[in-house]
Amino acid sequence: MIAAAHIDALMNQGWPAAHSTELDGWLVRHNDGVTLRANSVLPASAPFDLDRALDYVENLYAAHQIAPSFQVGPAAQPGDLDEYLAARGYEVRNPTLVMCAEVADVLAKLPEPAAAVNISSAPDDDWMDFWWAVDGRGGSAAQAAARQILNRARALYGVIPAGPPAKAIGRLALVGDWAGIYCLAVDGEYRRQGLAQATIHGLLQKATTLGVTRVWLQVVEANAPARALYDRLGFQTVSRYHYRVKA
């Protein structure tokens, strides 16, 4: 079983913020407010003075006009941080499961791909526009900041079909012999046609040629259809987290 702290580190590398400051064991991340992942504290170890550390975080985020946020999972330190943040007025957002699997096992369970996947090492404009239309929050400046997050990490980008208009896309972050599935999206008109599974298959098949053997993903706990798909593909829940955001 993979340790929660290790999976936290993998996820941080797969979705890197523009600015990460170490604060007495906490990693304080900010990226123009684009995505909670890149604008939250990863509390890896307990600071010596908790109140002082919290004051610093809140002042830093306020200076950048970002709501103070923490990613709180099993490895969060100190151990009672969640309760402490709740008492300080932080609200729970986006309870999320972290699931992992062996790449070979997932590929063995996937059906024959319903379509060919075009794979590249960087997101082009068509890929970005499709993702932003499905999952984006904000205008062109926010999209540019999101693109910078993607470009900071080594990754593969899949799209069906090869030319516009896109029907499905996905991203596979590459971290050593691990890979993380992100940005999986299918156009509403083409859902339930196996395109999400085909995208996963194409990305993972390519990743095996790069030495990747294990894969992780994050799925919102309330997303029952996605969880059912990942269960069928052999993914198992290894950790979980939620955000605490200052109201």
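Summary table
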quantity	calculated
R192 basic (K, R), on the phi < 0 side of the Ramachandran plot, more than 17 Å from the chain's Cα centre (by Cα) and loosely packed, with under 14 Cβ neighbours inside 10 Å	no
Every residue from the stretch 136-151 that is surrounded by fewer than 18 Cβ atoms within 10 Å (Cβ to Cβ) and either among the hydroxyl-bearing types (S, T, Y) or under 20 Å from V215 (Cβ atoms) (or both)	S140
Pairs with Cβ under 8 Å, 6+ apart, first in the stretch 82-94 and farther than 10 Å from H242 by Cβ and in a loop (DSSP other than H, G, I, E, B), second open to solvent by less than 70 Å² (accessible area, probe 1.4 Å) and not polar (S, T, N, Q)	R88/L54; R88/K246; G89/K246
Counted residues, the stretch 158-186 - those being in contact with a Leu (Cβ under 8 Å, 6 or more places away or on another chain) and of a type outside the set (A, V, I, L, M, F, W, C)	6
First in the stretch 230-247 and closer than 21 Å to E58 by Cα, second anywhere and at pLDDT below 95 and among the aliphatic types (A, V, I, L, M), Cβ under 6 Å, 6 or more apart	Y243/L36
Residue in the stretch 160-171 that is under 22 Å from D8 (Cα atoms), open to solvent by less than 20 Å² (accessible area, probe 1.4 Å) and in contact (Cβ under 8 Å) with a residue 24 or more places away in the chain present	yes
Only listed residue being at negative phi and modelled with pLDDT of 95 or more, chosen from I149, I181	I181
Residues (touching a strand residue (DSSP E or B) at 6+ places or on another chain (Cβ under 9 Å), closer than 21 Å to D135 by Cα and in a loop (DSSP other than H, G, I, E, B)) located in the stretch 193-222	Q193, E221, A222
The stretch 77-115: number of residues that are closer than 15 Å to L36 by Cβ, open to solvent by 10 Å² or more (accessible area, probe 1.4 Å) and more than 17 Å from the chain's Cα centre (by Cα)	2
Residue that is surrounded by the most Cβ atoms within 10 Å (Cβ to Cβ) [pool: residues in the stretch 228-247 that are assigned to a helix (DSSP H, G or I) and among the aliphatic types (A, V, I, L, M)]	L229
Contacts under 6 angstrom Cβ, first residue in the stretch 107-122 being free of Cβ contacts under 8 Å to residues at least 40 places away in the same chain, partner part of a strand (DSSP E or B), 6 or more apart	S120/Y157
Residue match in the stretch 220-227 (condition: open to solvent by less than 60 Å² (accessible area, probe 1.4 Å) and under 25 Å from F70 (Cα atoms))	yes
Strands (runs of 3 or more DSSP E) fully within the stretch 1-68 counting 2 or more residues that are of a type in the set (G, A, S) and open to solvent by less than 30 Å² (accessible area, probe 1.4 Å)	none
Cross-chain or 6+ apart pairs with Cβ under 8 Å, the stretch 145-157 first and of a type in the set (V, I, T), then part of a loop (DSSP other than H, G, I, E, B) and open to solvent by less than 20 Å² (accessible area, probe 1.4 Å)	I149/W15; I149/A17; I149/N31; I149/V34
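The values are calculated or read from the model by the stated rules, or taken from the named source; none is laboratory data. What you see is a predicted model, and the numbers here were worked out from it, not measured in a lab. All Cβ positions, even for glycine, are placed from backbone atoms using ideal geometry, and neighbour counts span all protein chains on display. Calculation scope for accessible area: heavy atoms of the full protein, side chains included, ligands and nucleic acids excluded. Shrake-Rupley method; radii C 1.70, N 1.55, O 1.52, S 1.80 Å.
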